[in-house]
Amino acid sequence: MQINGTKALVTGANRGLGKAFAEALLARGAATVYATARRPDRIDIPGVVPLQLDITDPASIDAAAAEVGDLDILVNNAGISTDAPLLGPSIDDIRREFETNFWGTLAVTRAFAPRLAGGAILNVISALSWYAFAPSSNGYAASKAAEWSLTNGVRLELADQKTQVTALALAIADTDMMAGYDIPKLPPHEVVGMALDGLEAGKLEVIADRPTANVKASLSQDPALFYADIPGALFG
């Protein structure tokens, strides 16, 4: 998949990784980049086509699909984290996370998939697709695990039309979602550069940082070994 000359669409492009994706696609020669958000007036990227898109609203998705027409690259970046534990007082925030991170991603993919023959989809998943870290991230982790499975399933279903489906997995980037954590973070443009390099190289999965690589590698081991490093995760 070569980016130069393509038509691309990025969800959640008003800030963070989404904004960096839109900028990088233009820099790599994309002919048209639709930068989408619930509030397109908040998109301030020179050269893109701002477009209203709420990925949880079927009417908004249909309108965006009609506006865009044919498409070569879809970047499913939009996502939310509500700090919801699975066993907290309300399930509402967990439902919001699934509505955006899983159902919203699926709805946008379904709308554009028929137009992406020979093209590519890039889904932004997470290191938390593969482990649970703390109660405040458990709802988000569950939704991202579902999105990883969605990515693998869509890849199989679109194989006959030769649509490349790539997952970007990362742990810590310098975005609004990670603003409350005082730890080293990757710049968004660096993460996006790795993702687009992987997309153009035909990779099915791009692992953006060492913490994510370590988590993925742990999946073949006894989970007791991994979770022993997380206080309160195990009995005894």
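The values are calculated or read from the model by the stated rules, or taken from the named source; none is laboratory data. What you see is a predicted model; the values in this text were computed from it and never measured. Heads up, the Cβs are rebuilt from the backbone with ideal geometry, glycines too, and the neighbour counts pull from every protein chain shown. Keep in mind that these areas ignore ligands, DNA and RNA; they rest on the heavy atoms of the full protein, side chains included. Shrake-Rupley method; radii C 1.70, N 1.55, O 1.52, S 1.80 Å.
Take the residues of region 45-78 that are on the phi < 0 side of the Ramachandran plot and among the small types (G, A, S): which is nearest to the chain's Cα centre (by Cα)?
Of everything passing the filter in region 45-78, A78 is nearest to the chain's Cα centre (by Cα).
Which one of these is in contact (Cβ under 8 Å) with a residue 24 or more places away in the chain, open to solvent by less than 10 Å² (accessible area, probe 1.4 Å) and touching a Ser or Thr at 6+ places or on another chain (Cβ under 8 Å): A64, A35? It would help to see each step written out before you state the result.
Values: A35 fails: touching a Ser or Thr at 6+ places or on another chain (Cβ under 8 Å).
Result: A64 is the single residue among A64, A35 that is in contact (Cβ under 8 Å) with a residue 24 or more places away in the chain, open to solvent by less than 10 Å² (accessible area, probe 1.4 Å) and touching a Ser or Thr at 6+ places or on another chain (Cβ under 8 Å).
Among the residues of region 138-159, which ones are buried (at least 19 other Cβ atoms within 10 Å of the Cβ) and over 18 Å from K216 (Cα atoms)?
G139, V154, L158
A20 - would you say it is of a type outside the set (S, T, N, Q) and out of contact with any His (no Cβ under 6 Å at 6 or more places or on another chain)? Can you show your working first?
Numbers: of a type outside the set (S, T, N, Q): yes; out of contact with any His (no Cβ under 6 Å at 6 or more places or on another chain): no.
It is false that A20 is of a type outside the set (S, T, N, Q) and out of contact with any His (no Cβ under 6 Å at 6 or more places or on another chain).
Considering only region 79-101, state which residues are open to solvent by less than 20 Å² (accessible area, probe 1.4 Å) and of a type outside the set (S, T, N, Q). Give the steps one after another, and end with the answer.
Our first condition is that a residue be open to solvent by less than 20 Å² (accessible area, probe 1.4 Å); within region 79-101, this holds for 84, 94, 97, 100-101.
A84, I94, E97 - these are the residues of region 79-101 that are open to solvent by less than 20 Å² (accessible area, probe 1.4 Å) and of a type outside the set (S, T, N, Q).
Report yes if some residue within region 15-28 is assigned to a loop (DSSP other than H, G, I, E, B), more than 23 Å from A201 (Cα to Cα) and in contact with a helix residue (DSSP H, G or I) (Cβ under 7 Å, 6 or more places away or on another chain); otherwise report no. Step through it out loud before you land on a result.
As a first pass, look at region 15-28 and keep what is assigned to a loop (DSSP other than H, G, I, E, B): 15, 28.
Still in the running and more than 23 Å from A201 (Cα to Cα): 15.
Now narrow it down to the ones that are in contact with a helix residue (DSSP H, G or I) (Cβ under 7 Å, 6 or more places away or on another chain): 15.
Yes - at least one qualifying residue is present in region 15-28.
If we keep just the residues of region 183-192 that are open to solvent by 30 Å² or more (accessible area, probe 1.4 Å) and modelled with pLDDT of 55 or more, which is nearest to A22 (Cα to Cα)? I'd like the intermediate steps shown before the answer.
So in region 183-192, the residues open to solvent by 30 Å² or more (accessible area, probe 1.4 Å) come out as 183-187, 189-190.
Then drop every residue that is not modelled with pLDDT of 55 or more, which leaves 184-187, 189-190.
Details: P184: 24, K185: 20, L186: 18, P187: 15, H189: 10, E190: 13 Å.
The extreme case among them is H189.
List the residue pairs whose Cβ atoms are under 8 Å apart, where the first residue sits in region 156-170 and is over 18 Å from G198 (Cβ atoms), the second is β-branched (V, I, T) and surrounded by 12 or more Cβ atoms within 10 Å (Cβ to Cβ), and the two are 6 or more positions apart or on different chains.
Taking only residues 6 or more apart or on different chains, not a single pair turns up.
Of all the residues that make up region 193-211, how many are part of a helix (DSSP H, G or I) and either at pLDDT 90 or above or under 25 Å from L26 (Cβ atoms) (or both)?
9
Just one of the numbered conditions (1) touching a strand residue (DSSP E or B) at 6+ places or on another chain (Cβ under 9 Å); (2) over 26 Å from G202 (Cβ atoms) is not true of G88; which one?
If we test G88 against (1) touching a strand residue (DSSP E or B) at 6+ places or on another chain (Cβ under 9 Å); (2) over 26 Å from G202 (Cβ atoms), just (1) comes out false.
Wholly within region 47-127, which helices (runs of 4 or more DSSP H) include no fewer than the required count, namely at least 3 residues that are over 26 Å from Q161 (Cα atoms)?
Working: elements: 58-68, 92-98, 105-112.
Those helices (runs of 4 or more DSSP H) span 92-98.
In a helix (DSSP H, G or I) and aromatic (F, W, Y): is that true of Y131 in this structure?
On the way: in a helix (DSSP H, G or I): no; aromatic (F, W, Y): yes.
In short, no.
Please verify whether region 49-70 includes one or more residues that are touching an Asp or Glu at 6+ places or on another chain (Cβ under 7 Å), hydroxyl-bearing (S, T, Y) and modelled with pLDDT of 95 or more.
Yes - at least one qualifying residue is present in region 49-70.
Considering region 106-142 alone, what residues qualify as being free of Cβ contacts under 8 Å to residues at least 60 places away in the same chain and β-branched (V, I, T)?
T109, I121, I125
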